[in-house]
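Participant: Starting off with a structure, shown below.
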Amino acid sequence: MKDIIKKNFIILKIFSILLFFASCTSINKNENTTKLSDKEIYSKGLNSIKEDNFKRAILEFDEVFLNYPFSSLAAKSEIMSAYSLFQNNELKKAIIKLNNFIEMNPKGELTEYAHYLLAMCYYVQVSIEGRDPSLSIKALNSFKLITSKYPNSKYAKDSRLKIQFLNNSLARNELNVGKFYLKKGAPASSINRFKIVLQNYQNTSVIPETLYRLSEALLMIGLKDEAIKSNAILDYNFPRDNWTKLSKNLLKNKSEVGQNKDDKFSIINYLKDFF
């Protein structure tokens, strides 16, 4: 009987010791977690980015913001979290976070970059030609905001390049819709699309083809004189373009329109006169 009691006592003692060490380990873990400063957690987030572990970086930067909302690193952590979301292709979450950041920090030192990153979130989603251009428009407006609000910033130059690309993309989309109507035998609808290109995207690469297609549409509805004018503007403004060469087969009598260097060869004045 004594032996049984002794054995039970030893087992109970061993169990108590194991429980004690387990609790100590748990306490140490909690202490280590709570002892991490905002700088330490932020540094962990940067290391995660270096390791391309953006999912972990998101959690670490969010931890800084949640646990140290008044820290000098709180705003940076929000931006870095949005950047990590961007890199992790969680674009909708990144857009929400950036819009909230801009709303709360309209004139902060990181707001300029927040606008640029927001524009990039839209830009990388720009759909291929023929699809819904709404994201292209959002990206375009975001980049335009940067060039107008921060014209001398380091992001302005890249924004201008992307604006040109997006304008070309949107112009091409309108042109393709116009060409679709043209093929379907709806020249009036196609003319409206070509008008949008000429009015809104005058510095884009699709203007020569647009003028050529406009001449085609005008001929289809019997407006020969206007078609001749459109061809003359194409020939005057883009004399070496391939679409100008093709236009020579479209109209044999372009000579009806004089080739004087006056305002009638301005696309803007042409739009005012015709439309």
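The values are calculated or read from the model by the stated rules, or taken from the named source; none is laboratory data. Bear in mind that the values here come from a model prediction, so they are computed numbers and not experimental data. Every residue, glycine among them, receives a Cβ derived from its backbone with ideal geometry; neighbour counts consider all protein chains shown.
Participant: Leu118 fails exactly one of the following numbered conditions: (1) within 21 Å of Phe54 (Cα to Cα); (2) modelled with pLDDT under 95. What is the number of that condition?
Facilitator: Looking at each condition in turn, Leu118 falls short on (2).
Participant: Could you check Lys183 against (1) surrounded by 14 or more Cβ atoms within 10 Å (Cβ to Cβ); (2) assigned by TED's automatic domain parsing to the domain that holds Glu209 and say which number it fails?
Facilitator: Failed condition: (1).
Here is a yes/no grid of residues against (1) small (Gly, Ala, Ser); (2) surrounded by fewer than 16 Cβ atoms within 10 Å (Cβ to Cβ); (3) not assigned by TED's automatic domain parsing to the domain that holds Gln199:
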{"position": "Ser72", "(1), (2), (3)": "yes, yes, yes"}
{"position": "Asn100", "(1), (2), (3)": "no, yes, yes"}
{"position": "Glu109", "(1), (2), (3)": "no, yes, yes"}
{"position": "Tyr113", "(1), (2), (3)": "no, no, yes"}
{"position": "Ile163", "(1), (2), (3)": "no, no, yes"}
{"position": "Val177", "(1), (2), (3)": "no, no, no"}
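Participant: Related question: With the checklist (1) modelled with pLDDT under 90; (2) under 27 Å from Asn152 (Cα atoms) in hand, flag the one item Ile79 doesn't pass.
Facilitator: (1)
Participant: Would you mind stating whether Ser153 is of a type in the set (Ser, Thr, Tyr) and either farther than 30 Å from Gln87 by Cα or surrounded by 19 or more Cβ atoms within 10 Å (Cβ to Cβ) (or both)? Steps first, answer last, please.
Facilitator: Numbers: of a type in the set (Ser, Thr, Tyr): yes; either farther than 30 Å from Gln87 by Cα or surrounded by 19 or more Cβ atoms within 10 Å (Cβ to Cβ) (or both): no.
So Ser153 does not fit the description; no.
Participant: Restricting segment 211-222 to residues that are over 9 Å from Ile191 (Cβ atoms) and of a type in the set (A, V, I, L, M), which is surrounded by the most Cβ atoms within 10 Å (Cβ to Cβ)?
Facilitator: So, considering only residues that are over 9 Å from Ile191 (Cβ atoms) and of a type in the set (A, V, I, L, M), the one surrounded by the most Cβ atoms within 10 Å (Cβ to Cβ) is Leu211.
Participant: Inside segment 223-232, can you point out the residues that are in contact with a helix residue (DSSP H, G or I) (Cβ under 6 Å, 6 or more places away or on another chain) and surrounded by fewer than 23 Cβ atoms within 10 Å (Cβ to Cβ)?
Facilitator: Within segment 223-232, Glu226, Ala227, Ile228 qualify.
Participant: Follow-up question, since we're still on this one. Need a quick list: helices (runs of 4 or more DSSP H) entirely within segment 143-256 having at least 2 residues that are at pLDDT 90 or above and under 30 Å from Glu109 (Cα atoms).
Facilitator: Working: elements: 156-183, 187-200, 207-220, 224-237, 242-250.
In segment 143-256, 156-183 are the helices (runs of 4 or more DSSP H) which contain 2 or more residues that are at pLDDT 90 or above and under 30 Å from Glu109 (Cα atoms).
Participant: Taking Ile207 as the residue in question, decide whether it is touching a Leu at 6+ places or on another chain (Cβ under 8 Å), of a type outside the set (Asp, Glu) and farther than 30 Å from Glu78 by Cα. Please lay out each step first, then the result.
Facilitator: Values: touching a Leu at 6+ places or on another chain (Cβ under 8 Å): yes; of a type outside the set (Asp, Glu): yes; farther than 30 Å from Glu78 by Cα: yes.
Yes, satisfied.
Participant: For segment 51-69, enumerate the residues that are of a type in the set (A, V, I, L, M), under 20 Å from Leu91 (Cβ atoms) and without any contact (Cβ under 8 Å) to a residue 24 or more places away in the chain. I'd like the intermediate steps shown before the answer.
Facilitator: We begin by selecting, within segment 51-69, every residue of a type in the set (A, V, I, L, M); these are 57-59, 64, 66.
Keeping just the survivors that are under 20 Å from Leu91 (Cβ atoms) gives 57-59.
Hit for segment 51-69 is Leu59, nothing else.
Participant: Moving on. Which of the helices (runs of 4 or more DSSP H) found entirely inside segment 71-130 contain at least 3 residues meeting this: more than 23 Å from Asn47 (Cα to Cα)?
Facilitator: Working: elements: 74-87, 91-104, 111-123.
The qualifying helices (runs of 4 or more DSSP H) are 91-104, 111-123.
Participant: Here's a follow-up. Is it true that Phe165 is hydrophobic (A, V, I, L, M, F, W, C) and under 23 Å from Leu246 (Cα atoms)?
Facilitator: No, not satisfied.
Participant: Against the definition (over 15 Å from the mean Cα position of the chain (by Cα) and under 25 Å from Glu226 (Cβ atoms)), how does Lys195 come out, yes or no? Steps first, please.
Facilitator: Values: over 15 Å from the mean Cα position of the chain (by Cα): yes; under 25 Å from Glu226 (Cβ atoms): yes.
Spelling it out, Lys195 is indeed over 15 Å from the mean Cα position of the chain (by Cα) and under 25 Å from Glu226 (Cβ atoms).
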